[in-house]
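Shown next, in structure tokens, is the structure this report addresses.
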Amino acid sequence: MIEARELSKHYGSKKAVDGISFTVRPGMVTGFLGPNGAGKSTTMRLIVGLDRATSGSVTVNGKPYAAHRAPLREVGMLLDAKAIHTGRSAVNHLLAVGATHGIGRTRVDEVIGLTGLDSVARKRVGGFSLGMGQRLGIAAALLGDPATLVLDEPVNGLDPEGVMWVRSLARQLASEGRTIFLSSHLMSEMALTADHIIVLGRGRVIADAPVADIVALSGGTLVRVRTPHAARLRELLASTELGTQVQVHPGSSTNEPDVFQVSGLDAARIGELAASAGLALHELTPVAGSLEEAYMSLTQNEVEYHAGGTASASEGASQ
């Protein structure tokens, strides 16, 4: 379990992490999302003691990371897959890491096999592709058979097979009762992998809930409507009497003039309104929104760097 309480990290006047509190629980995969500069990487560095908090605290399995006598057996971490001596082979790198905790060749061979590195185990890391480097970083994180895993962008550089492997691995480890905390910019993959999501924006927690709840709370549920009276029903649904929470969106194709989508009202209420106005309906289908849509809605006012604009003065500060 990971517990953060009023955790803050300031770099001069820049508040990279601003008094955040959250709990990452065992037995599930918790996704960590946020725009660039939101504070995700800084938070992960604070968890494993690579940065010192300005205020507040964060513990792993009840203790600060540095207070564990054998931290590699408590928490495995992948924060920077490139932070490896490029002249070493994969197996020698893992043996060197394992030696700090009395972990020997048997376990090194196990994680090499688990991560699919058998064919390159004796090759120098400097010649590895980005994807192979990621696999080696995950192997090092698993070396101590830890109860908690902290993985920053673990699928970065992996091919589709590798992405599916990380997804299966994360869910398998969570099913064993471990705490899995991972970040990613791939919303579609996070939707398939995570059970719970924490979203940061400008160093603050802006969402902390199960995936389904985040999609629902951000207005991610739409109702697809098909009717030969589209113009009249759209006008009815957009009337001021229904309140500003109701929004009418175009259909999925401009070739479907009789189709549109509605947010802010459920299918039953739309049907009742159409019936009261004598308007026939040919389709009324709830359409689940996506995590990507929910994420964009949550973070639309939290992005520091906008394409085509001028970078924030804080650019270059740590995430």
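Throughout, read-outs are computed from the coordinates displayed, never taken from laboratory work. Because the structure is a prediction, the values reported are computed rather than measured. Note that we place each Cβ from the backbone using ideal geometry, even for glycine, and neighbour counts take in every protein chain shown.
Overview of values
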read-out: Potential extension, residue 192-residue 96 segment - 0.36 nm per residue separation minus Cα distance; value: 31.1 nm
read-out: Taking the chain and dividing mean pair separation by its residue count, relative contact order in percent (alpha carbons under 8 Å, at least six apart); value: 22
read-out: When the chain is reduced to its Cα atoms, the Kirkwood hydrodynamic radius in Å; value: 22.0
read-out: Dipole magnitude of the chain, debye to nearest 20 (Cβ charges: Lys/Arg +1, Asp/Glu -1, about Cα centre); value: 1280
read-out: Placed amide H near residue 17: partners under 5 Å, 5+ positions off or other chain; value: 9
read-out: Separation in nanometres of the label points that stand 7 Å from Cα toward Cβ, at residue 209 and residue 52; value: 3.9
read-out: Proximal lysine pairs, the chain, alpha carbons under 21 Å, eight or more residues apart or interchain; value: 7
